[in-house]
Amino acid sequence: MNIIDTHAHIDQLEDLPGALARAAEAGVSDIMAMSVDLDSMQKVLSIAGQYSNPRIHPALGVHPGLVKPELQQAAFDFLRANIGRARAVGETGLDYWYKWVRKDEVERQKQKDSFAFHLDLARECDLPIVIHSRGAWKECLSMVKAARVQKALFHWYSGPVDVLEQIVAAGFYVSTSPSVAYSPESRRAMEQAPLERILIETDSPVNYKEGEAFFMAEPRDVLRTWKALAALKKIEEEKVLDAVNANARTFFGINI
């Protein structure tokens, strides 16, 4: 069995060698390694050069929660200089749920300026872009369309169904995480999303619920996402696995 984790922050894993070994043993063939800032981009590129099982595919970008104007130019310069080593642009986007952003238009504009840079780069380099859209789903979609980006993934989508329908109609993708096993918002979105537009991920090392307890995700937990999605969709697990793997290969250009 092969399965792809389309969104993990492997540079943040405490036991990276162990986590990758466990992922490989579980059948994870490929991991999309997301970046969040300059230091993260540097680490992800280094890790991708050190490990081959699972294969590590770098995505380079600055997370909206880490937009800092005094550091931004250095991050953007590095991103542009190394974009040829990336499989995708990301993680980038907008997040209006942060307290310091919620009612501050200046902070929102900083995020929008950063997101616009990433969108322009993705279009120029013909790369897929991975979008963090928490609390700003509609605005993210509007910016993607305006930038004329061809491949966009709204990662861990848990937003409104009407925006989801517009995302799908535009030819874009959404992904889900282990939260699809229990989160009402995630489940509602994935019930409505067509399987041919869904990717699966872990967003490692995020904490998720399992009954009354919690576990810290690592890439092997993409199997939890797969099985929970299949149960929600009431579709055979193998059919779901074939579909989400095909979607990931198409979107990111990954060959298995």
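The values are calculated or read from the model by the stated rules, or taken from the named source; none is laboratory data. Because the structure is predicted, anything quoted here is derived from the model rather than measured. A quick note on method: Cβ atoms are made from the backbone with ideal geometry, for glycine too, and the neighbour counts reach across all protein chains shown. The protein model used for the area step is the full one, side chains on, heavy atoms only, and it has no ligands, DNA or RNA in it. Shrake-Rupley method; radii C 1.70, N 1.55, O 1.52, S 1.80 Å.
Ignoring aspartates and glutamates fewer than eight residues from LYS138 along the same chain, the ones with Cα atoms less than 17 angstrom from its Cα are ASP95, GLU105, ASP113, ASP162, GLU165, GLU185.
When Rg and the Kirkwood Rh are both derived from Cα coordinates, the Rg/Rh ratio for the range 1-68 amounts to 0.99. Helical runs assigned H by DSSP (4 residues or longer) give the chain a calculated mean residue ellipticity at 222 nm of -14500 deg cm²/dmol, each run adding -39500 (n - 2.57) before division by the residue total.
DSSP assigns beta bridges within the chain; of those with both partners inside it, close to 15 percent run antiparallel.
The relative contact order of the chain, computed from alpha carbon pairs under 8 Å that lie at least 6 residues apart in sequence, is 19 percent. Across the range 139-181, Cα pairs under 8 Å and at least six residues apart give a relative contact order of 44 percent. When the Cα positions of SER40, ALA246, ALA21 are compared along the charge dipole of the chain, ALA246 comes out farthest toward the positive end, with charges on each C-beta of Lys, Arg, Asp and Glu. The charge dipole of the chain, taken about its Cα centre with unit charges on the Cβ atoms of Lys, Arg (+1), Asp and Glu (-1) only, comes to about 480 debye. Counting every C-alpha pair in the range 161-206, the share spaced more than 14 angstrom apart comes to 47%. Hey, how many Å between the Cα centroid of the range 107-160 and the Cα centroid of the range 1-75? Centre-to-centre (Cα) distance: 20 Å. Rounded to the nearest angstrom and listed largest first, the equivalent-ellipsoid semi-axes of the range 1-150 from its Cα gyration tensor are 27, 16, 15. Screening the chain for whole DSSP H helices with an alpha carbon extent of at least 18 angstrom along the helix axis and a mean Kyte-Doolittle hydropathy of at least 0.0 yields 38-50.
Determine, at each q value in 0.25 (inverse angstroms), the log₁₀ of I(q)/I(0) that the Debye formula gives when each Cα of the range 203-256 is one equal point scatterer. Result of the Debye calculation: -1.03. Kirkwood analysis of the range 131-256, using all unique Cα-Cα pairs, places the hydrodynamic radius at 14.8 Å. In the full protein context, the chain carries 43 Å² of accessible surface per residue, based on a 1.4 Å probe and ignoring ligands, DNA and RNA.
Let me check against my output: what whole-number percent is the relative contact order of the range 166-256, with C-alpha pairs under 8 Å and at least 6 apart? The normalised contact order for the range 166-256 reaches 28 percent. So if the hydrodynamic radius of the chain is defined as the Kirkwood radius over C-alpha pairs, what does Stokes-Einstein give as its diffusion coefficient at 37 °C and 0.692 mPa s, in µm² per second? The calculation lands on 182 µm²/s. With all protein chains in place and a 1.4 Å probe, the accessible surface of the chain carries 48 percent carbon and sulfur.
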